[in-house]
Amino acid sequence: MLAAPVSDPALLPGWAGEPKWDGFRAGVSVDAGQVVLRSRRGTDMAPAFPEVVTGAAQLPDATALDGELVVWDAAGRLAFERLRNRLARRGAGAARAAKEWPAHSVAFDLLRLSGTDTTGWPYQRRRPRWSPCSPPRRLSAPWALCPSTLLSRAIESCSHRTESSLLLRQPAQSRS
């Protein structure tokens, strides 16, 4: 499901909040050792973001995630223009760009875990299932789990550093 604007970002009981990243929506899946990185519209993004593909190899087999590709500048701000410039790069150009402006995959949803479809699970069941995706693998940059909160203060604070915030009704099924 795509985001829609609301007039009041206050969290009500039964809702959770997450940052809205200024990046490219991207799904990643790992099946039989093969990593697929695709845009929301199905475009193959793997050649432009080799560092994300390499990082995805750490995920358990038969796992799929939904998230956002982002690039941060030296000051820690989101740099959408740098991310956009990465799309056309391939081969050696993509490898150079990965060193200069590394992309990060901020995952916000677990769609499949070790072959089990999780899209019908409520949010509060999917969210804790992230633990098998990290330890003992210890996913590291360029991977991050999108923070989630039940606190209105945290949403207000986060909105100053990201594009906006997403509010998710509980129990929410996958937003893919």
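Below are the figures for this structure:
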read-out	value
Distant alpha-carbon pairs in the stretch 22-130 (separation over 18 angstrom), percent	49
Amide proton proximity set for Ala62, modelled H, under 5 Å, gap of 5+	Val30, Asp31, Ala32, Gly33
Unit charges on C-beta of K, R, D, E only; dipole of the stretch 21-130, Debye	160
Cut-off under 5 Å, modelled amide H: who pairs with Met45 long-range	Leu37, Arg38, Ser39
Per-residue ³J(HN,Hα) for the stretch 71-86, Karplus 6.51 cos²θ - 1.76 cosθ + 1.60, θ = phi - 60°, Hz, x for Gly and Pro	10, 9, 7, 4, 8, x, 8, 5, 10, 4, 4, 5, 4, 4, 5, 6
Cβ-based exposure ranking for Asp22, Asp66, Asp73, in which fewest neighbours within 10 Å come first	Asp73, Asp22, Asp66
Phi-based couplings in Hz for the stretch 115-129 (Karplus 6.51, -1.76, 1.60; Gly and Pro marked x)	x, 9, 5, 10, 5, x, 6, x, 3, 5, 8, 5, 3, x, 6
Under the Karplus curve 6.51 cos²θ - 1.76 cosθ + 1.60, θ = phi - 60°, whole-Hz ³J(HN,Hα) for the stretch 104-110, x wherever Gly or Pro sits	10, 9, 9, 7, 10, 8, 9
Radius 13 Å from Cβ of Ala62, net charge of other residues (Lys, Arg +1; Asp, Glu -1)	-2
Among 105-113, 44-52, 26-34, 89-97, the order from most to least packed when residues are scored by Cβ within 10 Å on average	105-113, 44-52, 26-34, 89-97
12 Å beta-carbon shell around Glu100, net charge (K/R +1, D/E -1)	+3
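Readers should treat all values here as calculations from the given coordinates under stated rules, not as data from a laboratory. Bear in mind that the values here come from a model prediction, so they are computed numbers and not experimental data. Note: ideal-geometry Cβ built from the backbone for every residue, glycine included; neighbour counts use all protein chains shown.
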